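J.: Structure below; questions to follow.
The values are calculated or read from the model by the stated rules, or taken from the named source; none is laboratory data. Computed from a predicted model, the values in this text were never measured in an experiment. A quick note on method: Cβ atoms are made from the backbone with ideal geometry, for glycine too, and the neighbour counts reach across all protein chains shown.
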Amino acid sequence: MKELGTRAISGIFYVALLIIALKWQLALIGLFYAFGIICMVEFNKLIGLKHVAPYIVFTLLYSFFGFWSILYDNKDGLVETIQILHVITIFVLLLLIKDLFSEKTIPLFHTKRFILTTFYLTSGFIFLILIGNFNHEFTPVFVLGSFILVWINDTFAYLIGKNFGKQKLFSSVSPKKTVEGFLGGLFFACVASYFIFYFSASLSFNAWLFLAIIISVFGTLGDLIESKFKRQAKVKDSGAMMPGHGGLLDRLDSIIFASPFIYLFLIVVDYVS
């Protein structure tokens with residue numbers, strides 16, 4: 001019971017920080033920068049990388065894309081630069097998905113560790129900021145809606161998996177995850193997408209529904225990939241930043257991995273509308 005209370009308090013604090021920061025664009029950029037540095041510390045411990053370079057690269061790229069997306073418009077080459085980052089990021093994430101299913105352990109040779117810190121972790125936070133400033137307009141509802149869908153998916157995947165789960169989803173990486181839990185999380189995320197549409201009026205219901213599916217699928221893949229990193233590092237949690245939850249990366253792994261795919265979907269919706 002005490003652990004449940006601790007978990008609830010730290011979770012509420014984390015959610016409150018995010019909601020408060022969503023009121024001001026610079027506050028959101030600052031919060032995600034702090035989150036990113038903490039996650040980088042935790043991730044580097046998981047992959048055994050002891051180097052200052054990932055923090056420098058994160059700071060430079062995050063500042064570049066975060067502030068450039070606010071201060072300048074399309075004519076300054078922002079779109080082309082983001083497209084290059086986007087293509088490389090999705091390619092690296094697809095390779096991670098391949099490693100999840102095809103390799104007993106994710107290869108972590110020296111160069112790949114720097115590739116992962118740049119195009120897995122750093123890019124994940126960059127695209128969270130770009131989602132919140134889509135088409136050069138501060139749209140915090142896209143960020144909040146995405147987080148809500150992650151929270152709903154994770155919560156119901158856990159509850160349904162714990163109470164009704166029988167068939168393991170990926171037992172070699174995460175023994176507690178079940179197919180029933182995944183489908184339950186997906187179903188309730190889809191239900192939640194209607195209420196996000198109803199109260200935000202930012203995208204069509206179909207768009208939020210597809211976003212729910214994208215977030216459930218890629219968020220789950222991101223969670224499984226981080227679980228595989230933890231299994232390789234022989235640790236239960238990525239850290240102890242959030243009492244009762246583990247590390248901050250444990251809470252953000254889903255949205256970090258899903259954010260480039262969310263951004264890609266928003267581009268497609270904007271293009272066809």
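J.: Tell me whether the range 234-253 contains one or more residues that are among the polar types (S, T, N, Q), touching a residue at least 24 places away in the same chain (Cβ under 8 Å) and either part of a helix (DSSP H, G or I) or surrounded by fewer than 21 Cβ atoms within 10 Å (Cβ to Cβ) (or both). Lay out the reasoning, then the answer.
T.: We begin by selecting, within the range 234-253, every residue among the polar types (S, T, N, Q); these are 238.
Pick out the ones that are also touching a residue at least 24 places away in the same chain (Cβ under 8 Å) and you get 238.
In the following step, the residues that additionally are either part of a helix (DSSP H, G or I) or surrounded by fewer than 21 Cβ atoms within 10 Å (Cβ to Cβ) (or both) were identified as none.
No, that holds for no residue.
J.: Can you tell me how many residues in the range 16-34 are surrounded by 13 or more Cβ atoms within 10 Å (Cβ to Cβ) and touching a residue at least 40 places away in the same chain (Cβ under 8 Å)?
T.: The qualifying residues number 7.
J.: Under 8 Å between Cβ atoms, at least 6 apart or on separate chains: pull out the pairs that start in the range 126-140 with a residue that is under 14 Å from Val79 (Cβ atoms) and end on any residue that is assigned to a helix (DSSP H, G or I) and among the acidic types (Asp, Glu).
T.: Phe134/Asp270; Asn135/Asp270
J.: Name the one entry in Ile160, Ile225, Ile196, Ile213 that is farther than 30 Å from Ile38 by Cα and either buried (at least 16 other Cβ atoms within 10 Å of the Cβ) or not basic (Lys, Arg) (or both). Give the derivation first.
T.: On the way: Ile225 fails: farther than 30 Å from Ile38 by Cα; Ile196 fails: farther than 30 Å from Ile38 by Cα; Ile213 fails: farther than 30 Å from Ile38 by Cα.
Only one candidate qualifies: Ile160.
J.: Any idea which of Gly219, Gly239 is at pLDDT below 95 and in contact with an Asp or Glu (Cβ under 9 Å, 6 or more places away or on another chain)?
T.: On the way: Gly219 fails: at pLDDT below 95.
That would be Gly239, the only listed residue that is at pLDDT below 95 and in contact with an Asp or Glu (Cβ under 9 Å, 6 or more places away or on another chain).
J.: Collect the residues in the range 47-63 that are farther than 20 Å from Leu96 by Cβ and β-branched (Val, Ile, Thr), keeping them in residue-number order.
T.: Val52, Ile56, Thr59
J.: Among the residues of the range 216-239, which ones are among the aliphatic types (A, V, I, L, M) and over 26 Å from Asn44 (Cβ atoms)? Explain how you work it out, then say what you get.
T.: Within the range 216-239, the subset among the aliphatic types (A, V, I, L, M) is 217, 221, 224-225, 233, 235.
Of everything in the range 216-239, just one residue is among the aliphatic types (A, V, I, L, M) and over 26 Å from Asn44 (Cβ atoms), namely Val217.
J.: Further, regarding this structure: Which residues, counting only those in the range 41-59, are under 18 Å from Lys230 (Cβ atoms) and among the small types (Gly, Ala, Ser)?
T.: Of everything in the range 41-59, just one residue is under 18 Å from Lys230 (Cβ atoms) and among the small types (Gly, Ala, Ser), namely Gly48.
J.: Sort out which residues of the range 173-191 are of a type in the set (S, T, N, Q) and in contact (Cβ under 8 Å) with a residue 40 or more places away in the chain, and write them in order of number. Outline the logic, then answer.
T.: Within the range 173-191, the subset of a type in the set (S, T, N, Q) is 174, 178.
Ser174 - this is the single residue of the range 173-191 that is of a type in the set (S, T, N, Q) and in contact (Cβ under 8 Å) with a residue 40 or more places away in the chain.
J.: If you take just the helices (runs of 4 or more DSSP H) that sit entirely in the range 1-105, which of them hold at least 3 residues that are at pLDDT below 90 and among the hydroxyl-bearing types (Ser, Thr, Tyr)?
T.: 2-21
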